[in-house]
Amino acid sequence: MTRTVTEPVDGGETATIDSDVAIVGGGLAGSLAAAVLARAGHRVALIDKRAVYPDEFRVEKIGGHQLAMLRKLGFLDALDKVACRYDQVLNIREGKVVDVSVGQAYGFPYADLVAMARSQMPHSSGLIVDEVTAISCSDDVQHLELASGRQVTARLVVLATGMAGALAYKLGIRRRVLAERHSVSFGFTIVRQDGRPFDFEALTCYGERTADGIDYLSLFPVRAGMRANLFMFRDPTDPVMRELRREPEATILRLLPGLRSYLGDFRVTDRVQNWVMDLTVVEGHLRPGIVLIGDAFQTNCPAAGTGVARLLVDVDRLCTEYVPQWLMTAGMGLEKISQFYADRDKIAADQQSLKMARFRQALTSRNDIGWDVRRRVHFLRRSLTHRVDQMHPGWLGRVRGALRA
């Protein structure tokens with residue numbers, strides 16, 4: 001029998017679920033794409049093996065132009081209800097203030113962000129809790145086999161599976177490594193020992209020595225306390241990685257001694273999570289009836305902060321521009337699919353992400369004279385700009401406004 005995706009599917013019977021778009025992977029990329037398409041009236045099947053996304057260490061803060069993208073896509077009000085907003089970040093290095101960043105931003109657990117995105121789907125039955133075992137693609141209709149024995153048919157398949165590449169590999173899509181073990185990230189939550197709040201809304205502490213390989217430690221509010229994200233360019237097998245997991249408080253203060261006066265006595269309240277990231281990009285991905293978005297297409301450096309921006313560009317361009325056009329006419333061949341990969345905004349976002357990944361690594365770790373000078377100038381320029389803005393409040397905003405005009 002054939003059902004539409006807007007009807008509840010009984011897991012006890014074999015069924016064919018008919019949809020316009022089948023999205024494989026219900027993390028942030030897949031859930032946002034499903035919500036955008038479903039709200040536009042398309043029949044969407046969002047397939048993930050988990051009904052509730054687990055508490056994983058992924059994206060935990062959003063700010064700047066990413067919020068403009070979320071507003072455009074219609075998610076900002078929902079984000080405001082589940083995340084902790086902050087408007088000012090104190091930036092320090094070697095115990096001294098570099099500058100203060102002012103602007104709306106949010107902190108949250110990744111699982112809450114995914115749940116928010118899924119909640120924006122008009123039909124909860126669009127989520128299929130199952131696992132895709134095989135995909136058969138063509139110029140017309142795509143067929144997906146599920147572990148339960150059910151099947152899904154769709155005009156278009158969107159792979160939003162992150163770095164899990166088994167399905168893509170079966171389709172002949174390969175992942176090329178650009179930089180193996182490019183960066184290491186740590187995530188944990190801290191509170192003051194005396195139970196009082198910290199003396200800052202949010203704080204970023206930059207690394208003090210190139211030998212430590214620390215880009216920065218970012219502290220920002222979440223409902224459970226003050227969340228800490230530490231980004232490093234260092235060998236993941238280095239003993240300091242084990243020290244950060246076993247004795248995070250002492251190790252953080254040893255690596256970043258300038259933090260002590262800002263944090264006081266503090267403790268870590270949860271398990272220290274870490275993530276090793278390779279920079280990769282897929283090859284052989286131009287296939288009829290299927291597109292890859294987010295990390296399924298290209299990974300990013302967490303320290304660069306470009307992952308969410310890339311993801312949002314993918315969702316925006318694919319789901320608001322191309323999919324509505326593609327579904328208006330028959331077929332889903334290469335001439336359609338290639339339009340998305342050739343999109344100028346997508347290409348620019350992908351290229352900027354790789355550029356920033358290499359820049360953050362060099363600015364953090366390179367110790368030759370050229371990069372040493374560049375590093376000093378980078379922080380000196382920020383510090384001087386901050387001091388002038390303190391003496392003449394608002395001048396920086398006026399200058400930026402004049403330049404934009």
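Considering only protein heavy atoms and a 1.4 Å probe, what is the carbon-and-sulfur percentage of the accessible area of the chain?
Carbon and sulfur: 51 percent of the exposed surface of the chain.
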### Task
Normalising by the residue count of the chain, find the relative contact order in percent from Cα pairs under 8 Å and 6+ residues apart.
19 percent
### Query
Could you give the length gained on full extension between VAL100 and ARG192, defined as 0.36 nm per residue of separation minus the Cα-Cα distance, in nm?
30.9 nm
### Query
How big is the C-alpha Rg of region 217-323 next to the rule-of-thumb value 2.2 N^0.38 Å, as a ratio?
1.43
### Message
Over 24 Å between Cα atoms: which of LYS61/LYS346; LYS49/LYS170; LYS72/LYS170; LYS81/LYS355; LYS61/LYS355; LYS72/LYS346 fall into that group?
### Response
LYS72/LYS170; LYS81/LYS355
### Query
In the chain, what percentage of the DSSP-assigned beta bridges are antiparallel, given to the nearest 5?
70 percent
### region 246-405: relative contact order in percent, alpha carbon pairs under 8 Å with at least 6 residues between
18 percent
### Query
For region 272-405, with equal point scatterers placed on the C-alpha atoms only and solvent neglected, what are the log10 I(q)/I(0) values from the Debye formula at q = 0.14 1/Å, to two decimals?
-0.85
#### Entry: Listed residues SER101, SER218, SER353, most fluctuating in the chain (Gaussian network, C-alpha, under 10 Å)
SER101
### Message
I'd like the distance separating the alpha-carbon centroids of region 109-132 and region 158-209, in whole Å.
### Response
21 Å
### Query
³J(HN,Hα) across region 95-110 via Karplus (A = 6.51, B = -1.76, C = 1.60, θ = phi - 60°), whole Hz, x for Gly/Pro?
x, 10, 6, 7, 6, 10, 8, 10, x, 5, 8, 9, x, 6, x, 4
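Please give the contour-minus-distance gain from ALA68 to VAL281: 0.36 nm per residue of separation, less the Cα-Cα distance, rounded to one decimal in nm.
Taking ALA68 through VAL281 to full extension adds about 74.0 nm, to one decimal.
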### For region 18-82 and region 276-320, distance of Cα centres in Å
14 Å
### Message
Given the C-alpha atoms of region 29-185, compute the convex hull and give its volume per residue in Å³.
### Response
160 Å³
### Estimated vicinal HN-Hα couplings, Hz - region 16-24 in sequence order (Karplus 6.51, -1.76, 1.60; Gly, Pro = x)
10, 9, 9, 9, 7, 10, 9, 10, 9
### Query
Which one, (1) 20.6; (2) 25.9; (3) 21.6, gives mean projected area of the Cα convex hull in nm² as derived from the coordinates shown?
(3)
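The values are calculated or read from the model by the stated rules, or taken from the named source; none is laboratory data. Note that the structure is a prediction, hence the values are computed from the model and not measured. To get the accessible areas, we keep the full protein, side chains included, count just its heavy atoms, and leave off ligands, DNA and RNA. Shrake-Rupley method; radii C 1.70, N 1.55, O 1.52, S 1.80 Å.
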